[in-house]
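I have placed the structure first, in the form of C-alpha cells, so that the comments after it can refer back to it.
Just so it is clear, none of the values below were taken in a lab; they were calculated from the coordinates. Computed from a predicted structure; not experimentally measured. Counting neighbours? That spans all protein chains shown, and the Cβs are built from the backbone with ideal geometry, glycine included.
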Amino acid sequence: MANWSDPRPGATPFATATGARGEAFDAGLRSYMLSVYNFMFSGILLTGLVAMFFSWGGMNSPAAHVMMGGGLLRYVIMFAPLGFVFGMSFGGARMSAGTLQAMFWGFAVAMGLSLSTVFLVYTSTSIAQAFFATAASFAGLSLYGYTTKRDLSAFGTFLIMGLVGLIVASLLNLFFQSGPFALVISFVGVLIFAGLTAYDTQRTKSLYAQVAGTGAEQHVVIMSALNLYLDFINMFLFILRLFGNRN
C-alpha cells in the first residue's frame with residue numbers, strides 16, 4: 001500500500017484510511033475463508049451421506065455387491081475420485097466457476113461411493129471416534145496455520161516430498177501385505193496430513209491477497225476447499241486404520 005497523505009482540509013488522515021482499508025480486507029478475508037470451509041465441510045457431509053446410504057444393509061448393500069464382488073464397475077468407482085482431482089487440478093483454470101463447483105460436488109459423491117466399504121469393514125463406533133478425533137485435530141491445525149506468523153512454505157515442500165514417499169510405500173505394501181509396515185505407513189500418514197492441513201490453510205489465506213475481488217476468487221475458493229477436504233479425509237482414514245476396530 002502506497003504511503004500518501006492528502007493535503008486538502010478535512011481529508012481523511014492516513015492512519016484512518018489505512019485502518020478502513022485494513023478492516024475491509026479483514027472482512028473480505030473472513031468471508032473468503034468461510035466460503036472455503038463451507039465448501040469443504042459440505043463436501044465431507046455429502047461424501048459421508050453417500051457412503052452411508054450406499055453401504056446401507058451391510059453385506060447385502062450395493063456397496064458390498066459392487067465393491068467386494070469385483071467387476072469393472074468396482075474399478076470405475078475406485079478411480080473416479082482421482083479422475084475428478086486431475087480434471088479440476090489441470091483443467092480448472094479453463095472452467096467456469098459453476099462448472100468447477102459441479103466438479104467438486106461430483107468428486108464428493110464419487111468419494112462417498114469409493115469410501116462406502118469403510119462402513120462394511122469398521123464398526124460404527126470406530127468410524128465415529130476417528131471422525132471426531134480428525135475434526136478436533138483439523139480444527140486445531142487449521143487454526144495454527146491461519147494464525148501463525150511463521151512461513152510454512154519450506155515445511156510444505158518437505159511434506160509434499162513425504163507424501164510422494166508415502167504413496168510409493170503404500171503401493172509397495174500392496175504386494176508385501178505387511179501388517180507392521182501398514183501401521184508405520186498409517187502413523188506417518190497422520191503426521192504428513194496433519195502438517196499439510198496447517199500448510200494448506202496458510203496457503204489458502206495468503207492467496208486471498210492475490211485474488212480478492214477478481215474473477216479467480218471463486219476458483220481459488222473451490223480448489224482450496226478441495227485441498228483441505230483431501231487433508232481431512234486422508235487424516236481420517238489413517239487414524240481409522242491405526243485405531244479402528246473391524247467388524
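Figures for the structure shown
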{"quantity": "Single match in L120, L143, L113 (criterion: crowded, with 21+ Cβ neighbours inside 10 Å and either among the hydrophobic types (A, V, I, L, M, F, W, C) or closer than 29 Å to F90 by Cα (or both))", "calculated": "L113"}
{"quantity": "Matching option when the condition is free of Cβ contacts under 8 Å to residues at least 12 places away in the same chain, under 22 Å from the mean Cα position of the chain (by Cα) and over 14 Å from F236 (Cβ atoms), among T157, T148", "calculated": "T157"}
{"quantity": "Which numbered condition M78 misses (of (1) under 17 Å from L230 (Cα atoms); (2) surrounded by 15 or more Cβ atoms within 10 Å (Cβ to Cβ))", "calculated": "(2)"}
{"quantity": "Any pair with Cβ under 6 angstrom, 6 or more apart, that starts in segment 234-247 at a residue that is more than 11 Å from T125 (Cα to Cα) and in contact (Cβ under 8 Å) with a residue 60 or more places away in the chain and ends at one that is of a type outside the set (V, I, T) and assigned to a helix (DSSP H, G or I)", "calculated": "M235/F193; F236/A130; I239/A130; I239/A133"}
{"quantity": "Number of the exception - S224 against (1) without any contact (Cβ under 8 Å) to a residue 60 or more places away in the chain; (2) within 15 Å of the chain's Cα centre (by Cα)", "calculated": "(1)"}
{"quantity": "Close pairs (7 angstrom Cβ cut-off, 6 or more residues apart or separate chains): under 11 Å from M111 (Cα atoms) and in contact (Cβ under 8 Å) with a residue 12 or more places away in the chain in segment 73-86, outside any helix (DSSP H, G or I) and of a type in the set (A, V, I, L, M, F, W, C) anywhere", "calculated": "none"}
{"quantity": "Top-ranked residue of segment 104-128 - restricted to ones that are among the hydrophobic types (A, V, I, L, M, F, W, C) and without any contact (Cβ under 8 Å) to a residue 60 or more places away in the chain, ranked as nearest to N245 (Cα to Cα)", "calculated": "A128"}
